[in-house]
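Q: Before we start, here is the structure in question, set down as structure tokens.
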Amino acid sequence: RAHRHPARQRAKTRATMNSRAKKLEAQHEKIIRGLLRLPENRSCFSCTTKTTPQYVCTTFATFICTTCSGVHRGFGYRVKSISYASFTPEEVEALKLWGNEKGRQKWLAEWTKEQIQVPEEGNEKAISRFIDSVFERKRFVKRESVQP
């Protein structure tokens, strides 16, 4: 009788694991949606759209719009939908630590509007140039002063 129903036992174990995973996903989504309500995360990091971001660029832990998500993907950055993707505990922690305000402090520390405008919504060429300048070439990251 020790081997009564091993397949049933495995199915039960999977169901328990699925239940835990679903609870964790729901918890993560609740945290991310809470972060999205913060004023600094209510607009896209990479353009001037007025719509609430629906994506996260997990590479930089920033909130971005649908158009910018495609451009970020084009550069090879990792992008996830807030509504449809699962987030790892590490990704959620990174979003809690960073988000758009801290991202701006790092990536746009030495940026001025005269250097490059924040692109208008939907202008993929301008968004691509902006992302290239900000993340690829790191043009606006604060340079540490060189000691003599």
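Q: Would you be able to say whether some residue in the range 55-62 is assigned to a loop (DSSP other than H, G, I, E, B), β-branched (Val, Ile, Thr) and closer than 16 Å to Leu95 by Cα? Talk me through it step by step, then tell me what you get.
A: The first filter runs over the range 55-62 and keeps only residues assigned to a loop (DSSP other than H, G, I, E, B), leaving 58-61.
Narrowing further to those that are β-branched (Val, Ile, Thr): 58-59.
Going one step further and asking which of them are closer than 16 Å to Leu95 by Cα, we end up with 58-59.
Within the range 55-62, one or more residues are assigned to a loop (DSSP other than H, G, I, E, B), β-branched (Val, Ile, Thr) and closer than 16 Å to Leu95 by Cα.
Q: Go through Thr48, Thr52, Thr66 for me and flag whichever is out of contact with any helix residue (DSSP H, G or I) (no Cβ under 6 Å at 6 or more places or on another chain), over 23 Å from His28 (Cβ atoms) and surrounded by 13 or more Cβ atoms within 10 Å (Cβ to Cβ).
A: Working: Thr52 fails: over 23 Å from His28 (Cβ atoms); Thr66 fails: over 23 Å from His28 (Cβ atoms).
Result of the check over Thr48, Thr52, Thr66: Thr48.
Q: If I ask for residues that are under 19 Å from the mean Cα position of the chain (by Cα), open to solvent by 50 Å² or more (accessible area, probe 1.4 Å) and without any contact (Cβ under 8 Å) to a residue 60 or more places away in the chain, which ones from the range 109-129 would you list?
A: Glu124, the sole residue that qualifies.
Q: Go through (1) open to solvent by 80 Å² or more (accessible area, probe 1.4 Å); (2) part of a helix (DSSP H, G or I); (3) within 23 Å of Gly122 (Cβ to Cβ); (4) not hydrophobic (A, V, I, L, M, F, W, C) one by one and return the number of the condition Lys23 breaks.
A: The failed condition is (3).
Q: Is at least one residue of the range 29-41 polar (S, T, N, Q), part of a loop (DSSP other than H, G, I, E, B), open to solvent by less than 60 Å² (accessible area, probe 1.4 Å) and touching a residue at least 24 places away in the same chain (Cβ under 8 Å)?
A: First, pick out the residues of the range 29-41 that are polar (S, T, N, Q): 41.
Next cut, part of a loop (DSSP other than H, G, I, E, B) only: none.
Checked the range 29-41: no residue is polar (S, T, N, Q), part of a loop (DSSP other than H, G, I, E, B), open to solvent by less than 60 Å² (accessible area, probe 1.4 Å) and touching a residue at least 24 places away in the same chain (Cβ under 8 Å).
Q: Can you name the residue in the range 130-143 that is under 17 Å from Ile64 (Cβ atoms) and charged (D, E, K, R) and, of all such residues, is most open to solvent (accessible area, probe 1.4 Å)?
A: Only one residue fits best here, namely Glu136.
Residue-wise test of (1) at pLDDT below 95; (2) in contact with a strand residue (DSSP E or B) (Cβ under 7 Å, 6 or more places away or on another chain).
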{"residue": "Arg4", "(1), (2)": "yes, no"}
{"residue": "Thr13", "(1), (2)": "yes, no"}
{"residue": "Glu25", "(1), (2)": "yes, no"}
{"residue": "Leu35", "(1), (2)": "no, no"}
{"residue": "Asn41", "(1), (2)": "no, yes"}
{"residue": "Phe45", "(1), (2)": "no, yes"}
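Q: Condition first: open to solvent by 50 Å² or more (accessible area, probe 1.4 Å) and either aromatic (Phe, Trp, Tyr) or under 18 Å from Pro53 (Cβ atoms) (or both). Now tell me which residues in the range 87-104 satisfy that. Break it down stepwise before answering.
A: In the first step, residues of the range 87-104 are kept if they are open to solvent by 50 Å² or more (accessible area, probe 1.4 Å); the result is 88-90, 93, 96-98, 101-102, 104.
Result: Lys96, Leu97, Trp98, Glu101, Lys102, Arg104.
Q: Among the listed residues Arg73, Arg139, Arg143, Arg129, which satisfies the condition of being out of contact with any Ser or Thr (no Cβ under 9 Å at 6 or more places or on another chain) and not in a helix (DSSP H, G or I)?
A: On the way: Arg73 fails: not in a helix (DSSP H, G or I); Arg139 fails: out of contact with any Ser or Thr (no Cβ under 9 Å at 6 or more places or on another chain); Arg129 fails: not in a helix (DSSP H, G or I).
Matching residue, one of Arg73, Arg139, Arg143, Arg129: Arg143.
The values are calculated or read from the model by the stated rules, or taken from the named source; none is laboratory data. Note that the structure is a prediction, hence the values are computed from the model and not measured. Cβ atoms come from the backbone with ideal geometry, glycine included; neighbour counts cover every protein chain shown. Protein only, heavy atoms only, side chains kept; ligands, DNA and RNA dropped before computing areas. Shrake-Rupley method; radii C 1.70, N 1.55, O 1.52, S 1.80 Å.
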